[in-house]
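Everything below concerns the one structure shown next.
What follows draws every value from the coordinates through simple rules; no lab data is involved. This one's a predicted model, so the numbers in the text were calculated from it and none came from an experiment. When we count neighbours, we look across all protein chains shown, and the Cβ atoms used for this are built from the backbone with ideal geometry, even at glycine.
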Amino acid sequence: MSWGRGCCQLSFSFPALKITQEDVTNINTEQLFVLFFYCIIEKGDDMNNLTSILLIEDDESLNRGISFKLEREGFNVLSATYLKEAWEIFNKQDIDLIILDVGLPDGDGFEFCREIRKKSGVLIIFLTACVQEVDIVTGYDLGADDYITKPFSLMVLISKVKAVLRRKNNNSETEMFQCNDIIYYPKTMKVYKNGKEMFLSKTEFKLFKYFIDNCQQVITKEQFFNELWDMEGDFLEESTLPVNVRRLREKIEDDPSNPKYIKTVRGIGYIWTEGCFKK
Ligand code: CA
């Protein structure tokens, strides 16, 4: 990912960035300003805890559009427009899924997939203008998990990304808890609402788990600080708890301004009102 793509795009792409010493040396004042505010906004979130997607697409506007949408869905996106760049990222990072164009400036995606499969079972979705039956068959024969032809719908792409990730996780998702329309798999740290996966940050997940473990009990602010946050030596300012509760509500509540699950107990703390059952 280049630093030179402009201020606005840079802010969208930060979750995907691994900042090197060279990047820091080359950073200009404007970029530093954006980075500063990004760090404030994202304080408390651990993006590395999220599913990492490597997006290899040489159409830069399409690349930015897909990256933005995936990041909005809670994924950690690392994008590349060249295969050389993609290899560098793949060799350095833990990648869960690759979205792979076929026609790229320095090679073809089929060959890249063939090489990847020699060393990794990472999920691969082809995203390509190659619509011939032979191309699609080639993609699957090389070990693709799905194949999407252009033009395509971003919503369908997101659904397919989630579907292949779900399929991968299904085998390990044995123990589960249900709380009305929310299903929670402790072992895989997966949370679904109405069958749709909720992508929680590390902090949101810790908070969610603590609520579930103590459901239908009033939890004081002191309990959150003493039993939850201090457990891992995390530093939490008093003002951060309501912020994280709000973020969690926005993900799991039908109406975050009139929450059904997480209610505020004025002056004391919070309560998860619904019962949770092991299934
Ligand atoms: Ca292309």
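So for the range 66-179, considering every pair of alpha-carbon atoms, how many percent are separated by more than 22 Å?
Percentage above 22 Å: 34.
With N set to the residue count of the range 70-131, report its C-alpha Rg divided by 2.2 N^0.38 Å to two decimal places.
Normalised Rg, Cα atoms only: 1.09.
Pulled fully out, how much extra length does the chain show between K221 and E111, if you take 0.36 nm times their separation in residues and subtract their Cα-Cα distance?
Contour length minus the Cα-Cα distance gives 34.1 nm.
On a full-extension model of 0.36 nm per residue, what is the gain between F152 and L62, subtracting their alpha-carbon distance, rounded to one decimal in nm? Don't jump to the answer; show the numbers that get you there.
Numbers: separation 90, 0.36 × 90 = 32.40 nm, distance 1.11 nm.
Contour length minus Cα-Cα distance gives 31.3 nm.
Measuring from a point 7 Å past the Cα of K69 along Cα-to-C-beta, which residues in the range 142-172 have an amide N at less than 13 Å?
148-162
Counting only DSSP beta bridges with both residues in the range 95-165, what percent are antiparallel, rounded to the nearest 5? The partial results should precede the final answer.
On the way: 2 of 10 bridges.
Given both bridge residues lie in the range 95-165, the antiparallel proportion sits at roughly 20 percent.
Mind listing the Cα extents of the range 177-278 along all three principal axes, in Å, largest one first?
So the three principal-axis extents are 34, 28, 21 Å.
Scaled to the compact-protein estimate 2.2 N^0.38 Å, what is the alpha-carbon radius of gyration of the range 115-213, rounded to two decimal places?
1.34
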